[in-house]
Amino acid sequence: MSVKNKVVIITGASSGIGEATAKLLAKNGAKIVLGARRESRLQELVDEIKKEGGQATYSITDVIKPEDLKALVQKAKDSYGKIDVIFNNAGIMPTSPLSALHTDEWNQMIGTNLKGVLNGIAAVLPDFSKQKSGQVVTTSSVAGLKRFVGSGVYGATKFAVKNAMEVLRMESAQEGTNIRTTTLYPGAINTELLHTITDDAAAKKMAAQYNRVGISPDAIARAVNFAIDQPEEVDISELTIYPTKQG
Ligand code: NDP
């Protein structure tokens with residue numbers, strides 16, 4: 001079964017990687033269920049997808065709240081009768097040196113980037129286990145593969161989701177539930193993510209790097225499409241996508 005007709009839930013769908021992925025998958029015939037906090041952006045995207053002949057709906061979602069993820073899954077089932085894929089993509093990146101002690105931001109990152117992904121997994125697992133199929137795609141980062149100064153907590157959340165995703169793959173193979181897992185490790189992608197940085201020095205450094213090497217979120221959308229489009233017995237478990245110019 002290809003992307004066509006699959007029901008795909010996307011968190012962090014109101015901008016950047018999530019938005020680009022929603023558009024590409026909808027163009028390829030998937031039924032998209034969008035989640036994020038900014039309702040006006042979700043409504044605009046649904047309208048745009050429908051105008052292009054695609055199918056999409058949304059539910060306002062704060063991934064920190066498990067009940068919002070459950071409601072998003074219910075929306076998918078009510079609208080399209082099933083769920084095939086969840087793309088756990090919502091995230092924030094307020095990087096700063098640990099010594100700056102932005103502890104509120106540490107907690108927000110843990111809540112969004114780590115607990116948010118776990119809430120997404122928890123919301124779909126009962127259905128995926130019952131139907132003995134399903135796919136969990138999660139956006140980690142190259143900061144989940146190697147260390148960067150300023151990314152002590154951001155990187156910790158992205159390393160952590162890598163662990164959860166790989167263990168989910170191993171357990172589902174052992175339990176015979178046929179759940180495919182795909183973890184994405186993007187490099188510098190030009191989105192609104194840098195707006196979440198409040199530390200001046202960190203923001204300047206990151207903006208200079210992104211201006212030099214950053215690429216379009218369409219690159220990640222194509223990677224997600226590729227992973228979903230494989231035959232059911234094939235699990236693209238990890239994909240690292242760097243801008244060619246990023247060292
Ligand atoms: P954007 O800022 O453009 O998108 C982030 C999305 O996450 C928005 O849709 C935002 O929507 C949503 N979001 C943030 N907090 C929450 C929340 N609590 N609940 C629900 N949705 C939330 O950035 P990107 O597209 O770049 O980011 C997507 C993912 O990609 C993130 O996980 C990020 O860490 C990861 N990533 C990005 C890279 C890059 O260079 N851009 C590199 C590596 C990884 P709203 O505010 O409406 O809720």
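The values are calculated or read from the model by the stated rules, or taken from the named source; none is laboratory data. Just so it is clear, the model here is predicted, and its values are computed rather than measured. When we count neighbours, we look across all protein chains shown, and the Cβ atoms used for this are built from the backbone with ideal geometry, even at glycine. Side chains are part of the model used for accessible areas, which takes the heavy atoms of the whole protein and leaves out ligands, DNA and RNA. Shrake-Rupley method; radii C 1.70, N 1.55, O 1.52, S 1.80 Å.
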* Structure fact -> Contour minus Cα-Cα span, Leu98 to Arg38, at 0.36 nm per residue, comes to 18.6 nm
* To do: Report the dimensions of the range 55-121 along its three principal axes from the alpha-carbon atoms, largest first, rounded to Å.
  => 49, 20, 18
* To do: Return the tail of the calculated pair distribution for the range 1-99, meaning the percent of Cα-Cα pairs more than 18 Å apart.
  => 41 percent
* What is the local net charge at Thr61, summed over the other residues whose Cβ is closer than 11 Å to its Cβ (Lys, Arg +1; Asp, Glu -1)? -> +1
* Asked: What is the log10 of I(q)/I(0) for the range 95-141, computed with the Debye formula using one identical point scatterer on each Cα and no solvent, at q = 0.20 Å⁻¹?
  -> -0.72
* Taking the range 52-206 and dividing mean pair separation by its residue count, relative contact order in percent (alpha carbons under 8 Å, at least six apart) -> 27 percent
* Structure fact -> At 25 °C in a medium of viscosity 0.890 mPa s, the chain has a Stokes-Einstein diffusion coefficient, with Rh taken as the Kirkwood radius over alpha carbon pairs, in µm² per second, of 137 µm²/s
* What 222 nm value per residue comes from the helices of the chain, counting each DSSP H run with n ≥ 4 as -39,500 (n - 2.57) and dividing by all residues, nearest 500 deg cm²/dmol? -> -14500 deg cm²/dmol
* Dividing the alpha-carbon radius of gyration of the range 21-74 by 2.2 N^0.38 Å (N being the number of residues), what value is obtained? -> 1.12
* Greater than 25 Å apart at Cα, pairs in Lys23/Lys204; Lys158/Lys245; Lys75/Lys146 -> Lys23/Lys204; Lys75/Lys146
* Structure fact -> Heavy-atom accessible area of Phe159, protein chains in place, probe 1.4 angstrom, given in Å² to nearest 10, is 60 Å²
* Wrap a convex hull around the Cα atoms of the range 55-187, take a quarter of its surface area, and give that in square nanometres. => 8.4 nm²
* To do: Would you mind pulling out the separation of the Cα centroids of the range 206-234 and the range 1-74, in Å?
  => 17 Å
